[in-house]
Amino acid sequence: MTHPAQPKASHFINGQYVEDTGGAEIPVIYAATGERIATVHAATPAIVEQALASAKAAQKEWAKMTGTERGRILRRAADIIRDRNHELSVLETYDTGKPLQETLVADATSGADALEYFGGLAASLTGEHIPMGEDWVYTVREPLGVCVGIGAWNYPTQIACWKGAPALACGNAMVFKPSETTPLCALKVAEILVEAGLPAGLYNVIQGMGEVGGALVSDPRVDKVSLTGSVPTGKKVYAAAAADMKHVTMELGGKSPMIVFEDADIDNAVGGAINGNFYSSGQVCSNGTRVFVHKDIKEKFLTRLAERTANAKLGDPMDENVNFGPMVTENQMNIVLGYIEKGKAEGARLVCGGQRADMDGYFIEPTIFADVKDEMVIAREEIFGPVMAVLDFEDEDEVIARANDTEFGLSAGVFTKDLSRAHRVIGALEAGSCFINSYNDAPVEAPFGGVKASGVGRENSKEAIQHYSQVKSVYVRMGDVEAAF
Ligand code: NDP
């Protein structure tokens, strides 16, 4: 019998599902059991061509519609997503292995928020009038054209919407390539957009590995590329896009600091560290994986952290009491286990976890290392799994310098009751998305993205509009033209 997660076909192009079994087979494995639940095929050159041609053909008419009309369709899609939240959350759990307890509140709902927010903004995208004496300049905010979105595997529904919603609101078309690891959810987003009234060709989803992404990025019809992925992939994609001067948004990895001062509320800081390391089993780019704790409260913090981490409930992700799921793939599990072994070998103190869980699926126990030193590999490299590194510090300037001593700059957090210190420290941290007495909130209203190697551009909020549109300026002369001859 066909598994309920099996999509109707591999791709969604020009308003409908399309199959081409000529492309390499991509098995979809449910991370909680290791069982194959679906199969899709990578896009052949013919599929890539169909997707780009339909996007190109549909975009101009879409851009001519009013913002109100475009926005209405996006908001309708948001409503459909909310109505079907349960079904979509189950699919997200099949795609990623993340527990239903999380996916019910963080994935389809976050996608719906993006569609609702950018749907609401669409009608307000205007230019400005600049008086120049009796002459004037006016500006027009125009779409870029055809945008390519390339997703990572940790938030397949959310990433498909975070890129699609602002692109469509601004009058662009999109071709989206999900990660080959999680190909299912974006197809549903495409299907729902069409059901909401999106004209055919404006949001296409095609499957494939890096080569398909590469073919999209280098096609001359493409005007913009938005990638969520690792820094090495980001560098390749940015370079390929630069060859044709394409616009880019790069949402890449991190090794973000979370700093807990001696006056912090310990339980809130522990809660922040748990959210910033163990949500989605640690597979979150903005995670605060270097937890700097003032040495005066270090043991108290670690004791409370270990007590609360013991409440993690590993198990069947479809059971809503389970709050901790498996790694997305066997390969990712092995990468993370490799880092845990490095941490042990480098002499960090294992406070809890530290191994694969004794059960089916790709589960790793939530793992905490204390006494971590800045130069250890587990404090320098992005692990993308449930591995928290706790480091000690004594002084504000020292911890700021150490927190900034990394190529990454996605996020940063500070826990303290001292208001001036909170703002002073956040002001000195080199990161794009920051938190005070909280960690990992990502509402659509707030800009999201990194500095340094963690990225270029911002997703969400009004900022995203700048990255999916461009400004035309028009000088209007009322009098005669003066010329030298
Ligand atoms: P990868 O960088 O491996 O892949 C990201 C996407 O790019 C995938 O769809 C991949 O395809 C595709 N791709 C790979 N090579 C190319 C290429 N040469 N040209 C075009 N596309 C290409 O990341 P992961 O999927 O492994 O995701 C984990 C990473 O994503 C982590 O490093 C994490 O930090 C980052 N991330 C960043 C976020 C942010 O917003 N800043 C959010 C979530 C994750 P395929 O995998 O199918 O081969």
(request) Scan segment 253-280 and report the pairs whose first residue is in the same structural domain as ALA310 (by the TED database) and over 15 Å from LYS300 (Cα atoms) and whose second residue is away from the ligand (no atom under 16 Å from the Cβ) and among the charged types (D, E, K, R), with Cβ atoms within less than 7 Å and a gap of 6+ or a chain change. (result) ILE274/ARG308
(message) Checking ASN334 against (1) touching a strand residue (DSSP E or B) at 6+ places or on another chain (Cβ under 9 Å); (2) without any contact (Cβ under 8 Å) to a residue 60 or more places away in the chain, only one condition comes out false. Which one?
(response) (1)
(message) Among the numbered criteria (1) surrounded by fewer than 22 Cβ atoms within 10 Å (Cβ to Cβ); (2) away from the ligand (no atom under 11 Å from the Cβ), which one does LEU198 miss?
(response) (1)
(message) Can you find, within segment 203-235, the residue that is nearest to GLU381 (Cα to Cα) among those that are within 7 Å of the ligand (Cβ to nearest atom) and assigned to a loop (DSSP other than H, G, I, E, B)?
(response) SER230
(request) Given the conditions (1) β-branched (Val, Ile, Thr); (2) surrounded by fewer than 24 Cβ atoms within 10 Å (Cβ to Cβ); (3) away from the ligand (no atom under 11 Å from the Cβ); (4) farther than 23 Å from VAL105 by Cβ, report the number of the one that VAL260 does not fulfil. (result) (2)
(request) Counting only residues that are over 19 Å from LEU391 (Cβ atoms) and within 16 Å of the ligand (Cβ to nearest atom), give me the strands (runs of 3 or more DSSP E) lying completely in segment 403-485 with at least 1 of them. (result) 433-436
(request) Name every residue in segment 225-264 that is touching a Phe, Trp or Tyr at 6+ places or on another chain (Cβ under 7 Å) and either of a type in the set (D, E, K, R) or at pLDDT below 95 (or both), in order of residue number. (result) LYS255
(request) Only residues that are surrounded by fewer than 17 Cβ atoms within 10 Å (Cβ to Cβ) and more than 13 Å from GLN101 (Cβ to Cβ): list them for segment 312-331, please. (result) GLU330, ASN331
(message) Restricting to segment 308-362, count the residues that are in a loop (DSSP other than H, G, I, E, B) and in contact with a helix residue (DSSP H, G or I) (Cβ under 6 Å, 6 or more places away or on another chain).
(response) 9
(message) Out of the residues in segment 263-287 meeting the condition of being closer than 22 Å to GLU394 by Cβ and aliphatic (A, V, I, L, M), tell me which one is nearest to the ligand (Cβ to nearest atom).
(response) ALA273
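The values are calculated or read from the model by the stated rules, or taken from the named source; none is laboratory data. Bear in mind the structure is a predicted one, so any value in this text is a computation, not a measurement. Ideal geometry is used to build each Cβ from the backbone, glycine not excepted, and the neighbour counts take in all protein chains shown.
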